[in-house]
Amino acid sequence: MRNNEMNEEAVIPENSKAVIQLEGDLVSISLPPLRSKMREMVGAGVRHLTVDLAKVQMVDSAGLGLLMSAHNSLRKTGGAASRDPRIRRHSAPLSDDAFSPAFQCVGELRIKGN
Amino acid sequence: VNLGICELRVNLPSTLEAVEEFCKEFRIWRAGNCDELGAFDAELLIREALTNSVVHGCSCDPDKHVYCTLRVKKGRFLMVVKDEGRGFNWRAAWDRKAPVSDTSGRGIGILRHYANRVRFNPEGNTVTLMKRF
């Protein structure tokens, strides 16, 4: 059974780095708590954020928007650039050619998949 | 919702919760009627079209409604979504490519990428999508 609620588990920031593991669907209805969590992490000093999408089954345009928003926020803080290209096919549109350019510029935000 | 035929018609209140409930129904319907249809692509199209209608077309007003028809016939998945909003200027958005750092503006691009055909009515409050499978 698909989990339609987005669960997140944040790893304690260390040296301004943190990992947030997501489970469920990264879609419009599930975004508000995740947005709050990301803001909280950035506010707490996180500058390098890895988003683990290994257990995410669906990402819509609003989900993409949230990831870009996180990227933009982190970029303003001057975090270092890094990118993880390992993204599951069915986590598209992250991985589709038409939309991957949006993430080729992603620096501070690492997108981790299988 | 009749899960036994290859056509599904629903009338949803204009809320994101209703979109979620319908997506659950769709998974059951797809599995029972057209499991050859790619689950991810079809659900993403449904989500984008319905969410656009709910959020942009009806401003999440639960007193307004979104009408959705899904039909599978001869290797084609057809989807029509109509809302009670005033529509929008889809022509202006048709070829827009969101700059990489934008946090919105990818919805129509996703529809065009994942569907084989996308058609809006002149007012922009009805979209028809077709996907071959």
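When segment A:50-70 is filtered for residues that are within 14 Å of another protein chain (Cβ to nearest Cβ) and under 11 Å from residue A:20 (Cα atoms), only A:53 remains. Within segment B:48-100, the set of residues being open to solvent by 30 Å² or more (accessible area, probe 1.4 Å) and in contact with a His (Cβ under 8 Å, 6 or more places away or on another chain) comprises B:84, B:88. With respect to the conditions (1) free of Cβ contacts under 8 Å to residues at least 24 places away in the same chain; (2) surrounded by fewer than 17 Cβ atoms within 10 Å (Cβ to Cβ); (3) more than 8 Å from chain A (Cβ to nearest Cβ), residue B:30 lacks only one, and its number is (2). Which residue, of B:51, B:69, is in a helix (DSSP H, G or I), under 12 Å from the mean Cα position of the chain (by Cα) and either in contact (Cβ under 8 Å) with a residue 60 or more places away in the chain or under 22 Å from residue B:16 (Cβ atoms) (or both)? That would be B:51, the only listed residue that is in a helix (DSSP H, G or I), under 12 Å from the mean Cα position of the chain (by Cα) and either in contact (Cβ under 8 Å) with a residue 60 or more places away in the chain or under 22 Å from residue B:16 (Cβ atoms) (or both). Taken over segment B:33-47, the criterion of being open to solvent by less than 10 Å² (accessible area, probe 1.4 Å) and over 16 Å from residue A:62 (Cβ atoms) is satisfied by B:34, B:37, B:42. What number of residues within segment A:16-49 satisfy the criterion of being open to solvent by 20 Å² or more (accessible area, probe 1.4 Å), touching a residue at least 12 places away in the same chain (Cβ under 8 Å) and away from chain B (no Cβ under 14 Å)? Residues meeting the conditions: 11.
The values are calculated or read from the model by the stated rules, or taken from the named source; none is laboratory data. Source: prediction; values computed, not measured. Here Cβ is always computed from backbone atoms with ideal geometry, including for glycine, and neighbour counts include all displayed protein chains. Heads up: the accessible areas ignore ligands, DNA and RNA and are worked out on the full protein's heavy atoms, side chains in. Shrake-Rupley method; radii C 1.70, N 1.55, O 1.52, S 1.80 Å.
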